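A short write-up of the structure that comes next.
The values are calculated or read from the model by the stated rules, or taken from the named source; none is laboratory data. None of the values given here were measured: they were computed from a predicted structure. Every residue, glycine among them, receives a Cβ derived from its backbone with ideal geometry; neighbour counts consider all protein chains shown. Note: accessible area is taken over every heavy atom of the protein model, side chains too, but ligands, DNA and RNA are not part of it. Shrake-Rupley method; radii C 1.70, N 1.55, O 1.52, S 1.80 Å.
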Amino acid sequence: MSLTGLKGLGSLNRIRITLALICLLPALAFSQDVEVKGGFLSDSLKIGEQTAFYLTARYPSDLTVLFPDSTHAFTPFEYQSKEYFLTRTTNGISADSAVYFLTTFEVDRVQYLDLPVYVVIDNDSTQVTSDADSVLITQFVAQVPDTVATEQLPLKMNTAYQKVFYDFNIWLVIIILTILLALAILVWILFGKKIQRHFLLKRMQKNHAYFLNTYNNFVAQLRTTFSPPTTESALVTWKRYMEQLEARPYTKLTTRETQRLVTEPALAEHLRRIDKAIYGHDTTVVESLENLKQFADQQFHRKLKEVQHG
């Protein structure tokens, strides 16, 4: 504004403009000593591809100069990262430089960018901007009309299998496991005793069938040829099964103690005969062994009814 223009203004306005010019003179003087340059390090790039933009500043070493950070608006580009280089000072002139890594998703064929540096003076700052530089956007599809048949679209074909990894939804898994656990607890509360009884009956029937098969094999051998070891093996098999069925220590008791435990005179007599066969070589042992099997079978069915109606 010229002095003639100032005269045409009111006195209050002239004072305000004069004060503003006085305040700006130091900043303008300092900014004239700051040389800023910037530009792209590549001539072209693809959409979404990263490019580098350099920014340098030369200034008197007694000035404080700040470079843009990630909060600066790099429109039409998007900030990715920055690499800053240490200040170098020679003969009172400092030089700073930085490289900004940017990307763009705009489709304009040519895109421009300029970046400023800030000269800090007291509590204020002056912006000195580099010249704008341009970069060419490489386009795969030059032009697509508004309406065109699908088969005529300039598309690139790629039939190679692309494996897609699905995100693991931990919260969904936790919810499913919680529901399953709650259902399992509910089922156990409602049907737990029936389930236990079912498996106990199955186990009892399986153990009884195994006992009968093993015991009958020993008895069949004794029907053919008498043998004290075979007789003893049959007796031990009977004791082990009865111990498991009634939870009594049959295998740890002598014959006399077992007779007192069962409290049946006929069974006690059969146990004595079996002892005579083992230690006295009395071959008439098959009938006594058959009676032991009948007793075990009776105890099994009695125990089975207790479990079924327990």
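Worth pointing out:
- If you filter region 144-167 down to residues that are open to solvent by less than 90 Å² (accessible area, probe 1.4 Å) and more than 30 Å from Thr75 (Cβ to Cβ), you find that the one that is modelled with the highest pLDDT is Ala160.
- The numbered conditions (1) modelled with pLDDT of 85 or more; (2) among the aliphatic types (A, V, I, L, M); (3) surrounded by fewer than 11 Cβ atoms within 10 Å (Cβ to Cβ); (4) in contact with a Pro (Cβ under 7 Å, 6 or more places away or on another chain) are all true for Val141 except (1).
- Taken together, the residues in region 206-235 that are open to solvent by 70 Å² or more (accessible area, probe 1.4 Å) and free of Cβ contacts under 8 Å to residues at least 24 places away in the same chain amount to 8.
- Inclusion of Glu257 among residues that are open to solvent by 10 Å² or more (accessible area, probe 1.4 Å), out of contact with any Asp or Glu (no Cβ under 6 Å at 6 or more places or on another chain), over 23 Å from Met204 (Cα atoms) and among the acidic types (Asp, Glu) is warranted.
- Test result for Thr284, open to solvent by 30 Å² or more (accessible area, probe 1.4 Å) and of a type in the set (Val, Ile, Thr): yes
- When each of Ser94, Ser70, Ser44 is tested for being within 19 Å of Val119 (Cα to Cα), of a type outside the set (Asp, Glu) and either open to solvent by 40 Å² or more (accessible area, probe 1.4 Å) or free of Cβ contacts under 8 Å to residues at least 12 places away in the same chain (or both), the lone residue that passes is Ser70.
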